[in-house]
Amino acid sequence: MRKELLLGYIRQILLVVFGIVKGVCCFGQQPPNEIVKSRIHADTSKQRDLIDLGKKLFHISPPKDRDSTGEKVYFSILPFSTSVPGGGNALITSTTAGFYLGDRKTTFMSKATFTPYFNFSGRFGLPITSYLWLKNNQWVIKGDTRILKYPQNTWGLGRQYGNGEEIKVNYTYIRFYQQLLRRIKDGMFAGIGYNLDDRMKINTDEDKMPLAEYSKYKYGTEAGGNSISSGISLNLLYDTRANSINPLDGYYTNLQYRINSKALGSDQNWQSLYVDVRRYFRYTDNPNKQNMLAVWTYFWTVLNRNVPYLDLPSVGWDPDTRSGRGQDQNRYRGRHLAYVEAEYRRDLTSNGLFGFVVFANANTVSGPKSTFFWSWNPAIGTGLRIKFNKNSGTNFAVDYGISKGYSGFQLSLGEVF
């Protein structure tokens, strides 16, 4: 009965997703070799950013014989100290680069992000992510490589445990995700990928009960054990955002079917499905003004019962690890997860230097004390935006979110979605 109900949910979601994609693809028919182009192109000469303020403060002038807007790569670098999941603080240096791998008239902006962090308690992270548009948008390459050593809190499955009942899980984590997608029509891409999740020496603190006993889940929870999930992924992508660092309009839909296999080194044979849909609604025709509602939803499910605990769908562990502002990362975990978020974005100053956002999100997971699609976990918040690099559209983002039993700040470069 539960399996039939889940399959019904999946069918409904896929029908909605492919309906959106079909409608988008058919809207304003484009030549077969072109993606639907963004309608919004900001005039950066009318905007101001932190780089402009720095040049003015230190009396730096660009060479007169060189057009500074013609740079190939636009860097944004920001060091800061902030709290991290699992408790404590870490020194983080976030570097975002926006660049073109082809003629910018026919090629969208690519991005790469490197956000290393460490503290003096042996905790560190080396994450590198990339989203590359090759010449004329013929190919997309998505990459995510991470080496992490840190504790994270866990609350079991569903609503198994409440606030204050969490335990810390310590482990070293290596992630290697790579996808290569070929354009098949307009903004539609299809391709294959490889996904590796390798977690080593999984343990809880000595004074806490073992993870297997705490979660009452037997896969990937052995004290001091390792967990490896390795497999290929089949991917469909529809993306018409000219700039994924700070989308001004467009659509984004991503569907990934992941097949983990013992033949590729996985501990278990298991499969998962991830469906992600985003839409950006502008309320102004002025390309130099920000007045937008951005909407994001995803559905993530595993199709087997032998999936390692730390590979189960979890808030904040979506492929971009961006969901769940206003909640602890890992706060809700289960075999099935649905998520929805809306964010209103608006300028505070006419030159685009300052802006603000207001956001709300909610998720539902399956598990103990939680009924999927009936038990929702909401969060709300607001944030400040400071234009760091107007040429790439990169903002310095300061967000504050709250939910039941939690409140906190989040600092980042670029928009959450």
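Filtering segment 130-155 to residues that are crowded, with 17+ Cβ neighbours inside 10 Å and closer than 15 Å to Trp317 by Cα leaves Asp144, Arg146, Leu148, Tyr150, Pro151, Gln152, Thr154, Trp155. Scanning segment 156-183 for residues that are exposed (fewer than 15 other Cβ atoms within 10 Å of the Cβ) and at pLDDT below 95 yields a total of 4.
Contact annotation: residue pairs with Cβ atoms under 8 Å, 6 or more positions apart or on different chains, pairing a residue in segment 254-283 that is closer than 20 Å to Phe417 by Cβ with a partner that is of a type in the set (Lys, Arg) and crowded, with 18+ Cβ neighbours inside 10 Å, are Leu273/Arg258; Tyr274/Arg258; Tyr280/Arg241.
Consider segment 227-273 and keep the residues that are β-branched (Val, Ile, Thr) and in a loop (DSSP other than H, G, I, E, B). The one that is nearest to Asn395 (Cα to Cα) is Ile245. In this structure, is Arg123 in contact with a Phe, Trp or Tyr (Cβ under 8 Å, 6 or more places away or on another chain) and within 27 Å of Asp198 (Cβ to Cβ)? Yes.
This table checks each residue for (1) of a type in the set (D, E, K, R); (2) under 22 Å from Thr96 (Cα atoms).
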site	(1), (2)
Leu234	no, no
Arg241	yes, yes
Pro247	no, yes
Gln256	no, no
Ser261	no, no
Ser272	no, no
Val277	no, no
Tyr283	no, no
Gln290	no, yes
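For segment 263-305, the set of residues classified as within 30 Å of Asn391 (Cα to Cα), of a type in the set (D, E, K, R) and surrounded by fewer than 21 Cβ atoms within 10 Å (Cβ to Cβ) consists of Arg278, Arg279, Arg282, Asp285, Lys289, listed by residue number. Against the definition (hydrophobic (A, V, I, L, M, F, W, C) and within 19 Å of Val277 (Cβ to Cβ)), how does Leu248 come out, yes or no? Here the answer is yes, as Leu248 does meet what is asked. Sort out which residues of segment 87-108 are farther than 30 Å from Tyr406 by Cβ and either at pLDDT below 90 or surrounded by fewer than 19 Cβ atoms within 10 Å (Cβ to Cβ) (or both), and write them in order of number. Within segment 87-108, Phe99, Tyr100, Leu101, Gly102, Asp103, Arg104, Lys105, Thr106, Thr107 meet the criteria.
Being among the acidic types (Asp, Glu), touching a strand residue (DSSP E or B) at 6+ places or on another chain (Cβ under 7 Å) and either modelled with pLDDT of 95 or more or in a strand (DSSP E or B) (or both) narrows it down to one residue among Asp328, Asp276; which is it? Step by step, each of Asp328, Asp276 is checked, and only Asp276 is among the acidic types (Asp, Glu), touching a strand residue (DSSP E or B) at 6+ places or on another chain (Cβ under 7 Å) and either modelled with pLDDT of 95 or more or in a strand (DSSP E or B) (or both).
Looking only at residues of segment 124-147 that are without any contact (Cβ under 8 Å) to a residue 60 or more places away in the chain and among the β-branched types (Val, Ile, Thr), we find that the one that is farthest from Leu234 (Cα to Cα) is Ile147.
State whether the residues of segment 407-416 include one that is buried (at least 20 other Cβ atoms within 10 Å of the Cβ), more than 15 Å from the chain's Cα centre (by Cα) and either within 17 Å of Trp296 (Cβ to Cβ) or in contact (Cβ under 8 Å) with a residue 40 or more places away in the chain (or both). Checked segment 407-416: no residue is buried (at least 20 other Cβ atoms within 10 Å of the Cβ), more than 15 Å from the chain's Cα centre (by Cα) and either within 17 Å of Trp296 (Cβ to Cβ) or in contact (Cβ under 8 Å) with a residue 40 or more places away in the chain (or both).
Yes/no matrix, rows are residues, columns are (1) closer than 30 Å to Asp276 by Cβ; (2) acidic (Asp, Glu); (3) over 27 Å from the mean Cα position of the chain (by Cα):
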| residue | (1), (2), (3) |
| --- | --- |
| Pro210 | no, no, yes |
| Glu222 | no, yes, yes |
| Gly225 | no, no, yes |
| Ile228 | yes, no, no |
| Ser233 | yes, no, no |
| Leu236 | yes, no, no |
| Asp239 | yes, yes, no |
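The values are calculated or read from the model by the stated rules, or taken from the named source; none is laboratory data. Quick caveat, the model's predicted, so the values are computed rather than measured. Glycine gets a Cβ as well: all are built from the backbone with ideal geometry, and neighbour counts include every protein chain shown.
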